[in-house]
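The values are calculated or read from the model by the stated rules, or taken from the named source; none is laboratory data. The structure presented is a predicted model; accordingly, all values stated were derived computationally and were not measured. Ideal geometry is used to build each Cβ from the backbone, glycine not excepted, and the neighbour counts take in all protein chains shown. Note: accessible area is taken over every heavy atom of the protein model, side chains too, but ligands, DNA and RNA are not part of it. Shrake-Rupley method; radii C 1.70, N 1.55, O 1.52, S 1.80 Å.
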Amino acid sequence: MKLSFMAALLFGGICFGQNNTDASLYMKADKISYLTDIGSESGDLYSTIGHHGPAVENEWMALRIYFSDKVAIDVYNKAKKGLELKAAHWYPTPEQQKEGWGADYYKVGATVGLGGVRLWDGEKVVPLNPVTNRLAHVGKTATTSYMEMISRGVPYKGKKVDIKVRVTVFSGKREAKVEAFSLNGEKVQFVTGVNYFKGFETKKGKNYIAVWGTHPEDVAAEVVGIGAAIKYNPKDYVKNTDDGTQYLLISKPAKYLTTEIVSASAKENEINNLEKLEAYMK
């Protein structure tokens, strides 16, 4: 008996099912036409791009990379599972938030945010700025969505390096993957980590750092406790430090580095406190 093409896909295990991820990149003046690529020689399109940079989401959270000198990773937490980015554009109304939409409870400030990437010159953190050009790219596969930020011509130890940061979200998987590349082929020391504020609780394991607390009130309709965590391979790092606003991980000289990041909200059902977040990280 011959199967139809569709039946062959279903019974042959080729069907991937629904992709519960999405990517978003658009000019603030035009919320209809979505882009895949954009660039700027100044390195700063913070005020002209929607949600201040490229963004991706899975069912549990959305993430964006600031298209500015920060190149930090920010989080949009959700109260219930689902995709909201294309409808909320990162900033749902107070009424929508009270109806169960997510919100931007996370505040980055001057830090790396959650899993953002910078460099280490042996003495201090080096931002991915100034640049000769900064480029953003978003894309989607059958089961993932991803965003990339390339910072070209970053001054580093008397040279200029090109650094790419890629964030990938996976359908059906809470944690996102963050990758950093030295595109010139030269080894650099990457810096990553997670920020925190006064009153936060912290849990650390041999390969993770998890924090929980409330960020300073900013654009959200209410203050909600949120958790953030980074999972890493301790063999990739030579130093951990705490500057009073963020826990930082300083890598060995490398051309490539990868971590995983997770965020959760007190308003969700699954992971709504630090104990549950730590259990998940373990």
* Hey, how many Å between the Cα centroid of segment 166-190 and the Cα centroid of segment 93-162? -> 11
* **Heavy-atom accessible area per residue - segment 22-281, 1.4 Å, Å²** => 41
* To do: Considering only protein heavy atoms, with the full assembly of protein chains and a 1.4 angstrom probe, order E175, E57 by accessible area, largest first.
  => E175, E57
* Only Lys, Arg, Asp and Glu count, each charged at its Cβ (+1, +1, -1, -1), so figure out the dipole size of segment 22-281 about its Cα centre, rounded to 20 debye. => 800
* **Nitroxide proxy distance, nm - points 7 Å out along Cα→Cβ at L183 and S42** => 2.1
* To do: Set the Förster distance to 25 Å, then compute FRET efficiency between K206 and T245 from the Cβ-Cβ distance, nearest 0.05.
  => 0.60
* Asked: PRE reach from A29 (point 7 Å along Cα→Cβ): which of segment 48-75 fall under 20 Å by backbone N?
  -> 48-54, 67-68
* Asked: Within a Cβ distance under 11 Å of I226, other residues only, what is the Lys/Arg minus Asp/Glu net charge?
  -> +1
* To do: Summarise the accessible area of the chain (1.4 Å probe, protein heavy atoms) by the percent that is carbon and sulfur.
  => 52
* Structure fact -> A chain fully extended from N233 to T132 at 0.36 nm per residue, minus the present Cα-Cα distance, gains in nm 33.2 nm
* To do: Measure off 7 Å from each Cα along the Cα-to-Cβ vector at K140 and A110, then give the distance between these two points in nanometres to one decimal.
  => 3.9
